[in-house]
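Colleague: Once you've had a glance at the structure underneath, I'll fire off some questions.
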């Protein structure tokens, strides 16, 4: 997983690897916004709370990039990020190749569905996803269960953007037992 950071119109992607040397590169770049996995954002919050990371430049937003099939963050964890950074925290769903398939808008009324994405809600409110990679002969769609529960809202969004959006209620998958990137005190 890569961590994306932004500074005044410039986008830089930092390869995180298995160590934490990417944190030094992040501090040197002084981003205004950070897009990363929830686990990496929680690590940054832990370091900031422990005063081992300053990042005063981060003043626009944090973007949690969830991969399809990954557990959803809890409201408590989202609040924790807000308390530490004092900036909005948005959500983005990415496919297994890291491409965004849905993103949350500033109105916080769900996630706008990306172009070319198909979402299906079954009778148990489970969300299934299909895109170009899942489509086979003669437009037969082979959707995959995302592990998420929610609904598809067809009305336009209060932000003014037309089109459907997702409302996520929760995840079937728990966070992994080990979260090696969280700071241990």
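Colleague: How would you rank 117-128, 59-70, 92-103, 37-48, highest first, on the average number of other Cβ atoms within 10 Å across their residues?
Modeller: 37-48, 59-70, 92-103, 117-128
Colleague: Provide the gained length on full extension for the span residue 54 to residue 107, in nm with one decimal, where the gain is 0.36 nm per separating residue minus the Cα-Cα distance.
Modeller: That pair, residue 54 and residue 107, stretches by 16.2 nm at full extension.
Colleague: What is the extension gain from residue 82 to residue 126, computed as 0.36 nm multiplied by their sequence separation minus the C-alpha to C-alpha distance, in nm to one decimal?
Modeller: 13.0 nm
Colleague: In region 24-71, if every C-alpha pair distance is counted and binned at 10 Å from zero, what percent goes to each bin?
Modeller: Bins of 10 Å from zero give 25, 57, 16, 2 percent of pairs.
Colleague: Taking 0.36 nm per residue of sequence separation and subtracting the Cα-Cα distance, how much length would be gained by fully extending the chain between residue 28 and residue 12, in nm to one decimal?
Modeller: Between residue 28 and residue 12, full extension yields an extra 4.6 nm.
Colleague: Along Cα→Cβ, 7 Å out, is where each label goes; now give me the distance between the ones at residue 20 and residue 96 in nm to one decimal.
Modeller: For residue 20 paired with residue 96, the spin-label model returns 3.1 nm.
Taken together, the values in this text are just the output of simple stated rules run on the coordinates, not laboratory data. Predicted, not measured: the structure shown is a model, and the values here were computed from it. Glycine also receives a Cβ, built like all others from the backbone with ideal geometry; neighbour counts cover every protein chain displayed.
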